[in-house]
Every structure is written in C-alpha cells, then in structure tokens.
Amino acid sequence: MSSLPPTAAVLLAGGTSTRMGGATPKPFLQLRGKRIVDYSLEIFSQLPYVIEICIVCPEEYRESFPHFVTFAQPGQRRQDSVLNGIKALKQKPALVAIHDTARPLITHDLVERTISHAAQTGGAIAAVPVKTTIKRAAHNQQIEETPERSLLWEAQTPQVFLYESLIQAYEAPINHTYDAVDDASLVERIGLPVALVMGCYKNIKLTTPEDLTIAHHFIG
C-alpha cells in the first residue's frame, strides 16, 4: 500500500508503570530483550508512506532513539500528550496515526488497513467486537442496562485521522474541558465520522505484569 497518503505517526510512550509495580515507564520495560516502545517504532518506521514519527516521552528516555525521530513532552492528560505530539511535527501530513506504544503487538497489516480506511473516510480506528456480556451499572453497583453485545466494540490503537480533522477536534470549544478516553471520542464530539477497522485480539494493552506474560507468549 505504498500509494497511501503521507502519514505522520504519534507514538505515546509517556505512560507510568503504576499497575506494573515499577518506576520505569511501561514503554521502556523489556519484553523479550527489547524495549516495549521499540516494537511499535519498528513497525511504523518500515512503512514507506510514514514521513515522520514523533515519540511522546520524558526527556530522560530520548537518548537511545534513532536520529530521524521527533520528540514531544507528555502532557497532564492523554489528549494533551497527543496534541503536544501533533504540534511537534516538522511536516504537515495528510493523516496522523496515533498509537499507544503499550500495545507492542501491532502488525504492518493492521496499521496499513487502518490508515487505508482513514484515507477513504477521514477517520478510522482499530477495534474488535467484544466477546463478553457488558453491564452498565449505577454508582451503587446496581445494574442499569445490559447493552446489546453485537453493537459493542473494544477500541484499540492505532487511531488515524485527517490532520485537519484532528486540529479541528482539539481546537473545538466543546472539547477544551472534556477528558477524552481516546482520540476518536474527540473527533466524534464535533460530528465527524469515524470508521471501525477490524483489529486483532492479540493487540492487547500492557497494563499489569500478567499482560507482559501474555505478550511474551504471543511474541513466541
């Protein structure tokens, strides 16, 4: 898919390791002899239409990255980190792919399919249908609703959008005080469409030590 539009990748690598039980940020922990962040960096750096990669991470972790990488400082909220990454881009791409590097098991195919859909629709995210029954509860932990499972998807990254759409979403007054759970939610709130692209159940987010064990097994 070398004919895809010029795309910049914003790789989020500023997360803490609170639930991992350590002081080192998750993206810089070792997974099969390699830093977790490096799995995502390798995937995006091998795609010919990715014209720039910005890694959002603390300054003390920047020395060992390749010279072609751009950096941005993590923000207080996830969306602040993403915006810092977008603003740090030295080029103006057609599309921006945002990826949480705590998901190291992405593939070239998943990234390319998500970018391809975004090029056609303006915005697309990797996601998988939920497998379990979901309950919506009140604050007292009483069930209020059992949503129809066939309509529910678990959002993943990458999430890819037109550059201009992201800027519009971040500058919209309606989003200034909104604490976004992901990038798509900001774009949704200004009325722009976002497509779902079939992701992969192996594309897990590493949050706990158990997740590291699972990822270790998947990498084989």
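The values are calculated or read from the model by the stated rules, or taken from the named source; none is laboratory data. Since we're looking at a predicted model, the values are computed, not measured. All Cβ positions, glycine included, derive from the backbone under ideal geometry; neighbour counts span all protein chains shown.
Within region 103-159, can you find the residues that are of a type in the set (A, V, I, L, M), part of a loop (DSSP other than H, G, I, E, B) and modelled with pLDDT of 95 or more? Spell out the reasoning first.
In the first step, residues of region 103-159 are kept if they are of a type in the set (A, V, I, L, M); the result is 105-106, 110-111, 115, 118-119, 124-128, 130, 134, 137-138, 143, 151-152, 155.
Going one step further and asking which of them are part of a loop (DSSP other than H, G, I, E, B), we end up with 105-106, 130, 134, 138, 152.
Matches in region 103-159: Leu105, Ile106, Val130, Ile134, Leu152.
Of all the strands (runs of 3 or more DSSP E) wholly in region 1-92, which have at least 2 residues that are in contact with a Phe, Trp or Tyr (Cβ under 6 Å, 6 or more places away or on another chain)?
7-12, 50-56
In region 182-220, which residue that is under 23 Å from Gly122 (Cβ atoms) and free of Cβ contacts under 8 Å to residues at least 40 places away in the same chain is surrounded by the most Cβ atoms within 10 Å (Cβ to Cβ)?
Out of the qualifying residues, it is Ser185.
Would you be able to say whether some residue in region 180-194 is in a helix (DSSP H, G or I) and either among the aromatic types (Phe, Trp, Tyr) or within 28 Å of Lys34 (Cα to Cα) (or both)?
Yes, because at least one residue in region 180-194 is in a helix (DSSP H, G or I) and either among the aromatic types (Phe, Trp, Tyr) or within 28 Å of Lys34 (Cα to Cα) (or both).
One line per residue, one yes/no per condition, for (1) out of contact with any Lys or Arg (no Cβ under 9 Å at 6 or more places or on another chain); (2) within 17 Å of Gly199 (Cα to Cα); (3) among the hydroxyl-bearing types (Ser, Thr, Tyr); (4) in contact (Cβ under 8 Å) with a residue 24 or more places away in the chain:
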{"site": "Ala88", "(1), (2), (3), (4)": "yes, no, no, yes"}
{"site": "Ala94", "(1), (2), (3), (4)": "yes, no, no, yes"}
{"site": "Ile98", "(1), (2), (3), (4)": "yes, yes, no, yes"}
{"site": "Leu105", "(1), (2), (3), (4)": "no, yes, no, yes"}
{"site": "Leu110", "(1), (2), (3), (4)": "yes, yes, no, yes"}
{"site": "Ile115", "(1), (2), (3), (4)": "yes, yes, no, yes"}
{"site": "Ala127", "(1), (2), (3), (4)": "yes, yes, no, yes"}
{"site": "Thr133", "(1), (2), (3), (4)": "no, no, yes, no"}
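Out of the residues in region 72-85 that are more than 18 Å from Ala155 (Cβ to Cβ) and in contact with a strand residue (DSSP E or B) (Cβ under 6 Å, 6 or more places away or on another chain), which is surrounded by the most Cβ atoms within 10 Å (Cβ to Cβ)?
Among those residues, the one meeting the criterion is Gly85.
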